[in-house]
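The values are calculated or read from the model by the stated rules, or taken from the named source; none is laboratory data. Since the structure is predicted, the reported quantities are computational estimates derived from the model, not experimental observations. Reconstructed Cβ throughout: ideal geometry from the backbone, glycine too, with neighbour counts over all protein chains shown.
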Number of protein chains: 2
Amino acid sequence: MDRTQDTLYLRIADQLAGSIRAGTLARGERIASVRELARQQGVSMATVVQAYRTLEDARLIEARPRSGYFVAARSTRRPPEPETTPLPPQSQAVSVSSMGSRVFAMAVDPGFISFGAATPGDELFPYERVRRAIGRAAQRNRATLSRYPLGAGTPELRRAIARQALSMGCQLDLRDILVTNSCLESVSLCLRAVTKPGDVVALESPTYFGFLEILESMHLRALEIPTHPRQGLSVDALSLALDTQPVKAVLAVPTLSNPLGSSMPLVERRRLAQLVAQRGVPLIEDVIYNALCEHDEQRRAVRSYDDTGHVMICGSFSKTVAPGLRMGYVDAGRWSEQVKRLKAVHSGAHTEFLELAVADLLTQPGAESAYRQLRNTVAARVDEARGIIAESFPKGTRVTDPPGGFILWVELPAGSDSMALFDACLTERICIAPGTMFSTTGRYRHCVRLGLGGRWDEAQRRALRRVGELAQAVAPMA
Amino acid sequence: MDRTQDTLYLRIADQLAGSIRAGTLARGERIASVRELARQQGVSMATVVQAYRTLEDARLIEARPRSGYFVAARSTRRPPEPETTPLPPQSQAVSVSSMGSRVFAMAVDPGFISFGAATPGDELFPYERVRRAIGRAAQRNRATLSRYPLGAGTPELRRAIARQALSMGCQLDLRDILVTNSCLESVSLCLRAVTKPGDVVALESPTYFGFLEILESMHLRALEIPTHPRQGLSVDALSLALDTQPVKAVLAVPTLSNPLGSSMPLVERRRLAQLVAQRGVPLIEDVIYNALCEHDEQRRAVRSYDDTGHVMICGSFSKTVAPGLRMGYVDAGRWSEQVKRLKAVHSGAHTEFLELAVADLLTQPGAESAYRQLRNTVAARVDEARGIIAESFPKGTRVTDPPGGFILWVELPAGSDSMALFDACLTERICIAPGTMFSTTGRYRHCVRLGLGGRWDEAQRRALRRVGELAQAVAPMA
């Protein structure tokens, strides 16, 4: 299939997916036949067949024998969403349990069905495309294989990163971009550049437990800021916190925050950029999920509103291009030199040919449609999982409805004990992440994070229903 | 050529190289003709031709037209070696100049002839072997390309590392081995596990300036221990230092230390292991150069004498297998769990298929002979460089005679100013590393480190002679 053909069927699939999500095409409604649509769009029937197959794979439409294609019926029971959790106004010393390592160990154990990790599964990424890029890079850049790399990353990859940042509204200077081992390393470097032990860092609540692990390791204090499951970090609450607490850095995931999946409205992003610039406090912005957001405009980074250098942008390609190629980046704004020096002194440069392979993957013509397909696939399974939760989990359960990504945050009825649920699930070789992992405040004991990035088939659906049944047992008596 | 043949000619070359280095075959002496040696050894003449070519490449023998093969004449002027430098007994706060970055920038600038960096050049590593290993690894382990890696490294690579450690006399436990981005990262992780800001770290003097950069970045104090250019770190002096100073860690390169190239006698290694165990002080042992040491027995690590877990062993493959594949390792003994956790929290795992490629390179049948060839090649050029120094540098210059590696430490006549020499060399687009970079004590202003790992041909020889001429100008009047 040539490239034009390739783009064409995906464009058609994408249009239809958009209409389905927007409700223009209702759930259960019959859609145009292959012949009709081919005529309407002036394309070949083969192209339409391929577009429909893509939508079927994404479970957005379904073929009914001898009747044609229909918009897949979405679960009729739509579970309610959680609300912002009130929080204590003081910062907390961080002491993370070993829960993270336990949950991760089970995530890679094939004996477990894991909803524990927020890592995407290999089904989501066609490895052949990656393998070809690697082969090409090793062939074309043979000399780099025996050359000691120095510096912040190959110009090719830094250029590709800068180009991708344009889709987030950011104009990055190549000289400020540093290639790292992961988004985690980027965040860690930023924190090391702007804090010292005992300092206070403000962050979303609930927050990614990996951030809490970094804070604990660096003896930093966490100040959790109320965060709305849809609107994200409360800029008002943060502003108040900056008035009253010695906050040395803000760490946030404005697009598809982990675990809430919240995405800040653009007006709040602008306010956040202005706030940190006014107060002279660095914002470490994690954009690892931006390309997974279904709404184009919400892929825009807070950094795009900042012309003062106070926003340090951190990303990687582990969730969107190839989880197996470990590569992240950071542009630390006015702290770029410090961050680059920390990396050079404590770790050094990365493998050049691998950087060139990633640059190749990022700039290939198919890159944009690969993102689209990924978004569609995960949207369908997240939708389906929400339906299962509505049907199988205890009455009163709330669950987020994120605009992308593969993470759901489930609030069980007040008084439920997610640690008891965790233990009960373990005996059936199912892994979940209990809510207490995502905060230092002791909140969220009745919450659970579900990662749906892994395999998704009948066994997973059954396991998720089973989690719901077990949750009934840990729910308090009505 | 099949594998047996491959091993055979290298074995013959290696035997001859050994006889030449041991002096059994004298410089300038005629050696057996191809026909004679083939008969003596019962091998084909083609095999002998290939062995002789290898020795010619390594400049250990030379063909004279119509006369046969001769042991290459070694420079008749053998320069004297430096001695141990006395040092102040106090620890020093570390404040490193920007010299390191300047020297490194020139090392990668093709407009410069660089003796500045201690990095091996691409000529020393046949990239085709590396490229094939990468292709195989990506092909056989396709699934890893789209799988999120977790944990301390693939079992295959950790097993290959443990096997290689056997050649250093060490029995490592796979569970304690952690794969890192570089030996630098390994050392940094160890220091982070066992020190806090303000602590004192004892290390060789002169020492690798990268270590000083890490210490400065972590606000650690350096206590430099007298180090003999041949015998290495003085265990007596270290013992005294441990009596009188609050040393929290010892950081040493017992084999081919950088920049002196010293290698500790085995009896001193054993004493060092016993000393740190008795005092309960961790020793961070950098074994990055061990495989380059010409003497088998001196490849033995201090760690091999330690059964208390006080020796943290750090290595990488950048100097010995493929400089372009960034990969290091650490087994931190009793601090293994802390080090593994620091890595997981601040950076995460590495690219699995690349780890598998390195494991492949380490366990291939040709791996040992590749080390041998590398040792022979660098030995020949270091020998030649010492000859040039004896001829071209000021009277009274001393230079080390390391048992391997590609680094020379040159002591110019007392009162010479290596910074002035550095500046003079720059104007001729030659880069050297001035001695002050390798200490916090202000010693070594009259010293220069020369890295001979890069290209080595007529231009380099001429440049080295020119450095000698310029050194005459910065030498004090006799």
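Considering only segment B:301-323, state which residues are within 8 Å of chain A (Cβ to nearest Cβ) and surrounded by fewer than 24 Cβ atoms within 10 Å (Cβ to Cβ).
Listed by number, the list holds a single entry, B:Ser318.
Working only within segment B:297-311, note down all residues that are among the polar types (S, T, N, Q) and either part of a loop (DSSP other than H, G, I, E, B) or within 15 Å of B:Ala162 (Cβ to Cβ) (or both).
B:Ser304, B:Thr308
Does segment A:283-296 contain at least one residue that is in contact with a helix residue (DSSP H, G or I) (Cβ under 6 Å, 6 or more places away or on another chain), among the acidic types (Asp, Glu) and free of Cβ contacts under 8 Å to residues at least 60 places away in the same chain?
yes
Out of A:Pro82, A:Pro86, report the one residue that is away from every other protein chain (no Cβ under 12 Å), in contact with an Asp or Glu (Cβ under 6 Å, 6 or more places away or on another chain), modelled with pLDDT of 85 or more and assigned to a loop (DSSP other than H, G, I, E, B).
A:Pro82
Output the residues belonging to segment A:192-210 that are more than 11 Å from chain B (Cβ to nearest Cβ), touching a Phe, Trp or Tyr at 6+ places or on another chain (Cβ under 9 Å) and of a type in the set (A, V, I, L, M, F, W, C).
A:Val194, A:Val201, A:Leu203, listed by residue number.
Restricting attention to segment A:48-79, report how many residues are of a type in the set (Gly, Ala, Ser), surrounded by 16 or more Cβ atoms within 10 Å (Cβ to Cβ) and modelled with pLDDT under 85.
The qualifying residues number 3.
Could you list, in sequence order, the residues of segment A:1-11 that are at pLDDT below 80 and either touching a strand residue (DSSP E or B) at 6+ places or on another chain (Cβ under 8 Å) or assigned to a helix (DSSP H, G or I) (or both)?
A:Arg3, A:Thr4, A:Gln5, A:Asp6, A:Thr7
Tell me which residues, restricted to segment A:112-156, are within 22 Å of A:Ser418 (Cβ to Cβ) and part of a loop (DSSP other than H, G, I, E, B).
Result: A:Phe112, A:Phe115, A:Gly116, A:Ala117, A:Ala118, A:Thr119.
Just a yes or no: is a residue in segment B:412-435 in contact (Cβ under 8 Å) with a residue 60 or more places away in the chain, closer than 30 Å to B:Leu16 by Cβ and touching a strand residue (DSSP E or B) at 6+ places or on another chain (Cβ under 6 Å)?
No, that holds for no residue.
Please list, ordered by first then second residue, the pairs with beta carbon atoms under 6 Å, 6 or more apart or interchain, first in segment A:340-361 and more than 9 Å from chain B (Cβ to nearest Cβ), second surrounded by fewer than 22 Cβ atoms within 10 Å (Cβ to Cβ) and in a helix (DSSP H, G or I).
Between residues of segment A:340-361 that are more than 9 Å from chain B (Cβ to nearest Cβ) and residues that are surrounded by fewer than 22 Cβ atoms within 10 Å (Cβ to Cβ) and in a helix (DSSP H, G or I), the close pairs are A:Leu356/A:Glu156; A:Ala359/A:Glu156.
Looking for something free of Cβ contacts under 8 Å to residues at least 40 places away in the same chain and surrounded by fewer than 19 Cβ atoms within 10 Å (Cβ to Cβ) - is there at least one such residue anywhere in segment A:90-98?
Yes, because at least one residue in segment A:90-98 is free of Cβ contacts under 8 Å to residues at least 40 places away in the same chain and surrounded by fewer than 19 Cβ atoms within 10 Å (Cβ to Cβ).
With A:Leu260, A:Leu256 as the choices, which residue is in contact with a Pro (Cβ under 9 Å, 6 or more places away or on another chain), at positive phi and either modelled with pLDDT of 95 or more or buried (at least 22 other Cβ atoms within 10 Å of the Cβ) (or both)?
A:Leu256
If only one of A:Val287, A:Val281 is in contact with a strand residue (DSSP E or B) (Cβ under 8 Å, 6 or more places away or on another chain), of a type in the set (Val, Ile, Thr) and over 30 Å from A:Ala379 (Cβ atoms), which one is it?
A:Val281
Go through the residues of segment B:38-60 one by one and say whether even a single one is touching a Lys or Arg at 6+ places or on another chain (Cβ under 7 Å), part of a helix (DSSP H, G or I) and outside the structural domain of B:Phe438 (by TED's automatic domain parsing).
Looking through segment B:38-60, at least one residue is touching a Lys or Arg at 6+ places or on another chain (Cβ under 7 Å), part of a helix (DSSP H, G or I) and outside the structural domain of B:Phe438 (by TED's automatic domain parsing).
Considering only residues that are within 14 Å of chain B (Cβ to nearest Cβ), of a type outside the set (Ser, Thr, Tyr), farther than 13 Å from A:Ile284 by Cβ and in a helix (DSSP H, G or I), which ones fall in segment A:211-239?
Those that are within 14 Å of chain B (Cβ to nearest Cβ), of a type outside the set (Ser, Thr, Tyr), farther than 13 Å from A:Ile284 by Cβ and in a helix (DSSP H, G or I): A:Leu212, A:Glu213, A:Glu216.
Name the one entry in B:Leu150, B:Leu157, B:Leu189 that is within 9 Å of chain A (Cβ to nearest Cβ), over 19 Å from the mean Cα position of the chain (by Cα), buried (at least 23 other Cβ atoms within 10 Å of the Cβ) and closer than 27 Å to A:Arg102 by Cβ.
B:Leu189
Of the numbered conditions (1) without any contact (Cβ under 8 Å) to a residue 24 or more places away in the chain; (2) closer than 30 Å to A:Asp199 by Cβ, A:Val103 fails exactly one; give the number of that condition.
(1)
Yes or no: segment A:386-402 includes at least one residue that is closer than 29 Å to B:Ala143 by Cβ, in a helix (DSSP H, G or I) and in contact with a Lys or Arg (Cβ under 7 Å, 6 or more places away or on another chain).
There is at least one residue in segment A:386-402 that is closer than 29 Å to B:Ala143 by Cβ, in a helix (DSSP H, G or I) and in contact with a Lys or Arg (Cβ under 7 Å, 6 or more places away or on another chain).
Quick check: anything in segment A:55-70 in contact (Cβ under 8 Å) with a residue 40 or more places away in the chain, away from every other protein chain (no Cβ under 14 Å), under 30 Å from A:Leu242 (Cβ atoms) and not acidic (Asp, Glu)?
No, that holds for no residue.
Out of all the residues in segment B:89-132, which are more than 10 Å from every other protein chain (Cβ to nearest Cβ) and aromatic (Phe, Trp, Tyr)?
Once the filter is applied, which keeps residues that are more than 10 Å from every other protein chain (Cβ to nearest Cβ) and aromatic (Phe, Trp, Tyr), segment B:89-132 yields B:Phe112, B:Phe115.
Do you know which residues across segment B:250-285 are in a loop (DSSP other than H, G, I, E, B) and more than 15 Å from B:His228 (Cα to Cα)?
B:Gly280, B:Val281, B:Pro282, listed by residue number.
Going residue by residue through segment B:133-141, is there one that turns out to be within 11 Å of chain A (Cβ to nearest Cβ), over 27 Å from B:Leu292 (Cβ atoms), among the polar types (S, T, N, Q) and out of contact with any Cys (no Cβ under 9 Å at 6 or more places or on another chain)?
yes
Search segment B:449-465 for residues being in a helix (DSSP H, G or I) and free of Cβ contacts under 8 Å to residues at least 60 places away in the same chain, and hand back the single one that is surrounded by the most Cβ atoms within 10 Å (Cβ to Cβ).
Top of the filtered list is B:Arg462.
Return the total of residues in segment B:178-210 being closer than 20 Å to A:Arg341 by Cα, touching a residue at least 60 places away in the same chain (Cβ under 8 Å) and part of a helix (DSSP H, G or I).
So the answer is 11.
Given the condition in contact with a strand residue (DSSP E or B) (Cβ under 9 Å, 6 or more places away or on another chain), small (Gly, Ala, Ser) and assigned to a helix (DSSP H, G or I), answer yes or no: does some residue in segment B:349-361 qualify?
no
Could you please give the count of residues in segment B:12-47 that are modelled with pLDDT of 85 or more and either in contact with a strand residue (DSSP E or B) (Cβ under 6 Å, 6 or more places away or on another chain) or charged (D, E, K, R) (or both)?
Qualifying residue count, segment B:12-47: 6.
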